[in-house]
1. Calculate the FRET efficiency for Q63 and E95 from the Cβ-Cβ distance with a Förster distance of 30 Å, rounded to the nearest 0.05.
2. Choose one of L46, G85, M108: the residue whose Cα lies farthest towards the positive end of the charge dipole of the stretch 46-161 (beta-carbon charges +1 Lys, Arg; -1 Asp, Glu; about the Cα centre).
3. Could you run the Karplus curve 6.51 cos²θ - 1.76 cosθ + 1.60 with θ = phi - 60° over the stretch 87-96 and give me ³J(HN,Hα) per residue in whole Hz, x for Gly and Pro?
Amino acid sequence: MTPVPVIGHRLAWQGAMPENMNGERMTGRPDISPRSAWVLLGRALLLRCPACGGGSLFTGFFQTRERCPTCGLLLERGESDYFIGAYTLNLIAVEILLAIGFIVVVLMTQPNPPWMALQYGGVALAILGAVLCYPFAKTTWLAVDLMFRPPKREDFITREK
């Protein structure tokens, strides 16, 4: 039996329920009501699901789960190149870190900034920043996507790959 939405304020499921990460049927109803941008971004920056606030979105530092273990939201919202936006956000965040670091060091060491240290430190900061910002960029991109494309019933149903 396929899941059938019940008309109302929130989406309710009749029939087969989506499964969580443990293969158990989800018992709650997916909440597809709109959220404020601040709530979505705040949850994302805490590495939580922007849709429900549930945690454990990552199986490792670089690997996300297929879906949120709390609400069942598919984290890659149906497109093979979905997280290119996350890579872009990561690049922007690292560039901002580099610019701030450069300005602070130059202003604090006037009139003779350590140019060689800035070069090598900039490379190290770029690599370290890209690695450390990556999970935040993925959840933030999901939040931005949910702002522009609020979740629908299909985002909670298992898709064939």
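All of the numbers you see were taken from the coordinates with simple rules; none came from a lab. All values derive from a computational prediction rather than experimental measurement. For neighbour counting, all protein chains shown are included, and Cβ atoms are generated from backbone atoms with ideal geometry for every residue, glycine included.
1. So the FRET efficiency works out to roughly 0.75.
2. Of the candidates, L46 comes out farthest on the positive side.
3. Computed from phi, the couplings for the stretch 87-96 are 4, 5, 4, 4, 4, 4, 4, 5, 4, 5 Hz.
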